[in-house]
């Protein structure tokens, strides 16, 4: 592989996880939720992490999103080692480099759909009409133009998740982390949301990591990883299961 | 900019109303207490400040006409004339007495003297009352339950109310001005007076003249108008200020507790929201600002409501209770505003700690 090819390949890497481990408790009560995970995700890729309940999927996502400090290992987002950063520097990473989409939407009930998106833009230092216009545009692009000023309580599950996606994309993050985004959606809207994330990854050049139980969305992934007991493992039942992920990078 | 703090506050309007009402109650209490206190302070010193003289001369040890009668023999007036620097000395009769139904009235008279008319005018009357009549201050007339033409008992005598004056000053605005002969008879000693108002020569220093009076006229104290006013105010300050401070302190604590509880409960209810905001990149300072804004809005709403109500309730109380006189000063409103802002800042300490301790990872819990 030539030097230029290596450089291009490195530039495409959005997320690089090495030896990521999280142990809760200590001594006899110690529990290893995530155990030496290695993972690389590139621009344009949609990776789905599946596994049984308690396998460490959400903990892994929390660690990647810098919401939890790992016991050991590193997480690089766009080449930046977020595990080495001070706590005070992490909000900046979360604002600009990571977009979260949550299972239970986590929309702010006091705000309208458009305000839920706009508030994230405000946090990033924006303000004024520009943020409102961008928030409206994002929601309109996601088919929510007719529900901009509805409060979350007046939206359906699918609509709430679209607002959540719009919020996750608001600050143009390179990495999108979605935790069970289809869990509360029906068979029509669930895959629709993942299709949307796939389109965002492909068309906007983002990397998306989706944690899910939902077998309906397997075929939409570029890669599916099986997490069990905090480690990536082979699962013959999965349509896509790149064995190399469980040890080193893809 | 999304007005997050405002949305959080207005999402529960009843709680907001209770919180603002609680702060308003505290503000109302503080505003009224301060206005009452300032009114006392103002009135108690009014007489001393208004006199058209440089010095007040009184019997030694009786500087407070409300609590001790100064009695000076008429010979003191001629003794004063002998003191270098004394240009003129005007006698004044005064005594605290029961007036009609009022338990306390400051009864005074200005006998003939070098500046009798000037003194009467300075005390707020156009001319001395006729013999057998009395001019009452508005507050004292209301307190005593009498009006013009009525008879009112002062001590063992009865006088016809010649006039009810809103401009007559004295002690606590409860003043009665009598003819000097009536007063001398009422006080029981025609050969004595209460105070001498002394005007010093243009080239003399009032303080030096005061010292000379105390030296040369035995049994007298001589104070400048300002010193006399300060002595009168001192008793109020020493006697009432600690009580007032305690009441204001309690009102402050009530307001503080109301804001703190409101903001804290609102913060606890929105733990998940704050967690979400942390997860999507809000810095601690941005979240603290949301909490502080809510606190400031509650405090300011309470302040505006409480200060406005304070003025209205104060006026109503003044009408209903004549002796309840108030003096609203802009400095006191500024002081209360500052106190309310301090309240709002202190009230956020616990909620801010709560926000700081929220783990953003809670957003992943269903």
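The values are calculated or read from the model by the stated rules, or taken from the named source; none is laboratory data. Keep in mind the model is a prediction, meaning the values are calculated, not measured. When we count neighbours, we look across all protein chains shown, and the Cβ atoms used for this are built from the backbone with ideal geometry, even at glycine.
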Open item on the list: I need the full set of residues from segment B:278-292 which are facing another protein chain (nearest Cβ under 7 Å) and part of a helix (DSSP H, G or I), in order please.
Closed with: B:279, B:286
TODO: Filter segment A:104-114 down to the residues that are surrounded by 22 or more Cβ atoms within 10 Å (Cβ to Cβ) and within 7 Å of chain B (Cβ to nearest Cβ), then identify the one that is nearest to residue A:164 (Cα to Cα).
DONE: A:106
Open item on the list: Give me the residue from segment B:55-64 that is surrounded by fewer than 24 Cβ atoms within 10 Å (Cβ to Cβ) and under 25 Å from the mean Cα position of the chain (by Cα) and, out of that set, farthest from residue B:234 (Cα to Cα).
Closed with: B:62
Task: Identity of the residue in segment B:346-366, outside any helix (DSSP H, G or I) and more than 24 Å from residue B:294 (Cβ to Cβ), that ends up farthest from the other protein chains (Cβ to nearest Cβ) - done: B:365
- [ ] Of all residues in segment A:127-138, count the ones that are more than 23 Å from the chain's Cα centre (by Cα) and facing chain B (nearest Cβ under 9 Å).
- [x] 3
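Yes or no, residue by residue, for (1) in contact with a helix residue (DSSP H, G or I) (Cβ under 8 Å, 6 or more places away or on another chain); (2) part of a loop (DSSP other than H, G, I, E, B); (3) surrounded by 19 or more Cβ atoms within 10 Å (Cβ to Cβ):
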residue	(1), (2), (3)
B:298	yes, no, yes
B:306	yes, no, yes
B:311	yes, no, no
B:334	no, no, no
B:337	yes, no, no
B:344	yes, no, yes
- [ ] Report whether or not residue B:84 is over 25 Å from residue B:123 (Cβ atoms), modelled with pLDDT of 85 or more and not assigned by TED's automatic domain parsing to the domain that holds residue B:324.
- [x] yes
TODO: Residue by residue through segment A:81-96, note down the ones that are in contact with a strand residue (DSSP E or B) (Cβ under 7 Å, 6 or more places away or on another chain) and either more than 9 Å from chain B (Cβ to nearest Cβ) or at pLDDT 95 or above (or both).
DONE: A:81, A:82, A:83
TODO: Confirm whether residue B:37 is buried (at least 17 other Cβ atoms within 10 Å of the Cβ), in contact (Cβ under 8 Å) with a residue 24 or more places away in the chain, in contact with a helix residue (DSSP H, G or I) (Cβ under 8 Å, 6 or more places away or on another chain) and within 14 Å of chain A (Cβ to nearest Cβ).
DONE: no
Open item on the list: Tell me the residue from B:84, B:63, B:114 that is in a loop (DSSP other than H, G, I, E, B) and touching a helix residue (DSSP H, G or I) at 6+ places or on another chain (Cβ under 6 Å), please.
Closed with: B:63
Task: In segment B:1-34, the residues that are more than 13 Å from every other protein chain (Cβ to nearest Cβ) and without any contact (Cβ under 8 Å) to a residue 24 or more places away in the chain - done: B:14, B:17
- [ ] Would you mind telling me which numbered condition in (1) under 30 Å from residue A:133 (Cα atoms); (2) within 26 Å of the chain's Cα centre (by Cα) residue B:69 fails?
- [x] (1)
- [ ] Could you list, in sequence order, all residues of segment A:67-79 that are more than 9 Å from chain B (Cβ to nearest Cβ) and within 25 Å of residue A:138 (Cβ to Cβ)?
- [x] A:77, A:78
Task: Selected residue (criterion: modelled with the lowest pLDDT) from residues of segment B:171-204 that are within 31 Å of the chain's Cα centre (by Cα) and on the phi > 0 side of the Ramachandran plot - done: B:172
- [ ] Please work out if residue B:106 is part of a strand (DSSP E or B) and closer than 30 Å to residue B:38 by Cα.
- [x] yes
TODO: Would you mind stating whether residue B:252 is over 30 Å from residue A:100 (Cβ atoms), in contact with a helix residue (DSSP H, G or I) (Cβ under 8 Å, 6 or more places away or on another chain), modelled with pLDDT under 90 and more than 14 Å from every other protein chain (Cβ to nearest Cβ)?
DONE: no
